[in-house]
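Engineer: Questions regarding the structure given below will be posed in turn.
The values are calculated or read from the model by the stated rules, or taken from the named source; none is laboratory data. What you are looking at is a predicted structure, and each value in this text was computed from that prediction instead of being measured. No Cβ is skipped: glycine too gets one built from the backbone with ideal geometry, and neighbour counts run over all protein chains shown.
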């Protein structure tokens, strides 16, 4: 194809009426790529994504399509997968519906990019990986937190040897999700029903697997305590429902090199942090606290010597003793950045490391985390192979 020539790529986007599918994937990723004039490939070709919207609510689909000047949408996934120019299938449905959609797309010969978790159990996640490999299609799983500015800075510190020997990682994630009675809940009700694929462990442990492994090293064991702190919530229909899934999880993960990671995940906590997620990393040569955007450090040479004295008020401003890590780069939306990587993977055969096997590893950690919580014990994590 000649340099500067433009070609379109049809993307069947299933689940765009949901919060993440609409805001992060359609508006801030695919439509943003279109608005910037497309995606330039190494040979000079400009790739223009053409979304084909799919969902179960015809009215919502029609509204979204009209608002953004899109003319291809349907409630029939089978129809969408057969449309001319459809090359990629994207899935942002509820977890319990994902496997069916992905299998149909692979059978239709489309490349697949999907939200996580890829399935509700490890064996099914591995089955998807095997099916996709046998079909010869390219696949990818969203790993958005790797592209957060704060974690990119943290990775830069690790790669630069700032910490010396890393000792521990402590993560805090979460916020208060309203129960839906006197204030509307800011997350959909299926998140709190295990029978619909809900639960904070299946949601967040998939994230923690790739964050810990990509930045610090392989996860070798998990010990988790799960809780359903709010037993009843009010759904979108205004009716109460029983919460059958965990809404908080307290996990300890052992990593290679003796690193111990503790990560609390909760939809039942009120935020007293600078950001909704923060990781503190302590090493022999220095420490860092990284969030969504910011990252601050304290080097060994500038570490003060606090003295424990409960009889006197603290006189030190501990936060002021840390130094801000500069951006040193322009950070784009993380979802958009990964979409661009996957589009280049499909159109130009550039590498994309987060395939369905990577997705299965996330599901595995969640499944073993739930098992650990049920049995009250530490569980080693075996290697996964296709």
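Engineer: What residue, of 275, 195, 184, is modelled with pLDDT under 95 and on the phi < 0 side of the Ramachandran plot?
Structural biologist: Criteria check complete, one pass: 195.
Engineer: Looking at the stretch 176-184, can you tell me whether even one residue there is touching a residue at least 60 places away in the same chain (Cβ under 8 Å) and not in a loop (DSSP other than H, G, I, E, B)?
Structural biologist: Yes, the conditions are met somewhere in the stretch 176-184.
Engineer: Spot the failing condition for residue 332; the list is (1) part of a helix (DSSP H, G or I); (2) surrounded by 10 or more Cβ atoms within 10 Å (Cβ to Cβ), and only one is missed.
Structural biologist: Answer for residue 332: the failing condition is (1).
Engineer: Also: Among the listed residues 371, 298, which satisfies the condition of being touching a helix residue (DSSP H, G or I) at 6+ places or on another chain (Cβ under 8 Å) and without any contact (Cβ under 8 Å) to a residue 40 or more places away in the chain?
Structural biologist: One residue alone meets the criteria, 298.
Engineer: Same structure again: What's the number of the condition residue 256 fails, among (1) in contact with a helix residue (DSSP H, G or I) (Cβ under 8 Å, 6 or more places away or on another chain); (2) exposed (fewer than 14 other Cβ atoms within 10 Å of the Cβ)?
Structural biologist: The number of the failed condition is (1).
Engineer: With the structure loaded, tell me whether residue 102 is touching a strand residue (DSSP E or B) at 6+ places or on another chain (Cβ under 8 Å), under 30 Å from residue 245 (Cα atoms), free of Cβ contacts under 8 Å to residues at least 60 places away in the same chain and crowded, with 19+ Cβ neighbours inside 10 Å or whether it fails that test.
Structural biologist: Yes: the conditions hold for residue 102.
Engineer: Only one residue in 30, 64, 88 is assigned to a helix (DSSP H, G or I), within 30 Å of residue 366 (Cα to Cα) and touching a strand residue (DSSP E or B) at 6+ places or on another chain (Cβ under 8 Å). Which one?
Structural biologist: None of the others qualify; the one that does is 30.
Engineer: Of these, 16, 46, 12, which one is under 22 Å from residue 196 (Cα atoms) and either in the same structural domain as residue 119 (by TED's automatic domain parsing) or touching a strand residue (DSSP E or B) at 6+ places or on another chain (Cβ under 7 Å) (or both)?
Structural biologist: Of the residues listed, the single one that is under 22 Å from residue 196 (Cα atoms) and either in the same structural domain as residue 119 (by TED's automatic domain parsing) or touching a strand residue (DSSP E or B) at 6+ places or on another chain (Cβ under 7 Å) (or both) is 16.
Engineer: Quick one: residue 349 ticks every box in (1) more than 28 Å from the chain's Cα centre (by Cα); (2) at positive phi bar one, so which box is it?
Structural biologist: Failing condition for residue 349: (1).
Engineer: Quick one: residue 237 ticks every box in (1) surrounded by fewer than 17 Cβ atoms within 10 Å (Cβ to Cβ); (2) over 25 Å from residue 370 (Cα atoms); (3) in contact with a strand residue (DSSP E or B) (Cβ under 9 Å, 6 or more places away or on another chain) except a single one, so which number is it?
Structural biologist: The failed condition is (3).
Table: residues versus (1) crowded, with 17+ Cβ neighbours inside 10 Å; (2) within 20 Å of residue 88 (Cα to Cα).
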site: 40; (1), (2): no, yes
site: 43; (1), (2): no, no
site: 47; (1), (2): yes, yes
site: 55; (1), (2): yes, yes
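Engineer: Return a yes/no flag: does the stretch 83-94 have any residue that is without any contact (Cβ under 8 Å) to a residue 60 or more places away in the chain and either surrounded by fewer than 15 Cβ atoms within 10 Å (Cβ to Cβ) or assigned by TED's automatic domain parsing to the domain that holds residue 196 (or both).
Structural biologist: Looking for residues that are without any contact (Cβ under 8 Å) to a residue 60 or more places away in the chain and either surrounded by fewer than 15 Cβ atoms within 10 Å (Cβ to Cβ) or assigned by TED's automatic domain parsing to the domain that holds residue 196 (or both), one finds none in the stretch 83-94, hence no.
Engineer: Yes or no: residue 305 free of Cβ contacts under 8 Å to residues at least 40 places away in the same chain and more than 28 Å from residue 130 (Cβ to Cβ)?
Structural biologist: Judged against the criteria, residue 305 is a match.
Engineer: For the stretch 280-320, which positions are out of contact with any strand residue (DSSP E or B) (no Cβ under 6 Å at 6 or more places or on another chain) and in a helix (DSSP H, G or I)?
Structural biologist: If the condition is that a residue be out of contact with any strand residue (DSSP E or B) (no Cβ under 6 Å at 6 or more places or on another chain) and in a helix (DSSP H, G or I), then 301, 302, 318, 319, 320 are the ones that fit.
Engineer: Restricting the search to the stretch 105-131, which residues are assigned to a helix (DSSP H, G or I) and either surrounded by 24 or more Cβ atoms within 10 Å (Cβ to Cβ) or in contact with a helix residue (DSSP H, G or I) (Cβ under 7 Å, 6 or more places away or on another chain) (or both)?
Structural biologist: Within the stretch 105-131, 105, 106, 122, 124, 125, 126, 128, 129, 131 meet the criteria.
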